Amino acid sequence: MIVVILSIILFLIFTILGGFHFYWFFGGIWGLKKVIPTKHKEANNMSIPKLATLMVGLLLVFFGLIYLVKSEIIYLQIPNWVTLYAYWFIPSVFVLRAIGEFNYVGFFKKIKNTEFGKTDSKIFSPLCMGIGIIGIVIQLIG
């Protein structure tokens, strides 16, 4: 039962995150200042390619669906490699994201006083670590 509850939680988180990416793909601008790293407090002039935004949104929704399959809420015929690797790969990616690359992203970043840095410390890194831990728990007890 706990696997089902945790899988639903991950599905909802991934769907919401995917929804943000779809919103940005279709031209939304809310929150953009807080999701793209910058070196200093200067304005962010980095442009994320639309196709990359769409692909990330689709991948996040796919991750959510994978957890519904894991908990047997939905049934899809999936290859064995998914069950062997994906359920470890997904949480690993998010734990590594939470740890970061030591400059702009993660718990151990150097650049912390930008809009992204503050939001990353308060929301993104803890959320990624939570996703990773939940995914590992599901894999261990499921």
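It is to be established whether one or more residues within the range 37-47 are assigned to a helix (DSSP H, G or I), among the hydroxyl-bearing types (Ser, Thr, Tyr) and either touching a residue at least 12 places away in the same chain (Cβ under 8 Å) or under 19 Å from residue 15 (Cα atoms) (or both). Outline the logic, then answer.
Pass one, the range 37-47, residues assigned to a helix (DSSP H, G or I): none.
No, the range 37-47 has no match at all.
Scanning the range 109-129 for residues that are farther than 19 Å from residue 31 by Cβ and assigned to a helix (DSSP H, G or I) yields a single hit, 129. When 75, 67, 87, 104 are checked against the criterion of being modelled with pLDDT of 90 or more, out of contact with any Ser or Thr (no Cβ under 9 Å at 6 or more places or on another chain) and surrounded by 12 or more Cβ atoms within 10 Å (Cβ to Cβ), 87 stands alone in meeting it.
Summed over the range 63-94, residues that are of a type outside the set (S, T, N, Q), assigned to a helix (DSSP H, G or I) and either free of Cβ contacts under 8 Å to residues at least 40 places away in the same chain or more than 22 Å from residue 140 (Cα to Cα) (or both) total 9. Just one of the numbered conditions (1) in a loop (DSSP other than H, G, I, E, B); (2) among the β-branched types (Val, Ile, Thr); (3) at pLDDT 90 or above is not true of residue 56; which one? The one condition residue 56 does not meet is (1).
Which one is modelled with the highest pLDDT among residues in the range 27-49 that are over 20 Å from residue 103 (Cβ atoms) and surrounded by 10 or more Cβ atoms within 10 Å (Cβ to Cβ)? Out of the qualifying residues, it is 28.
The values are calculated or read from the model by the stated rules, or taken from the named source; none is laboratory data. Computed from a predicted structure; not experimentally measured. Heads up, the Cβs are rebuilt from the backbone with ideal geometry, glycines too, and the neighbour counts pull from every protein chain shown.
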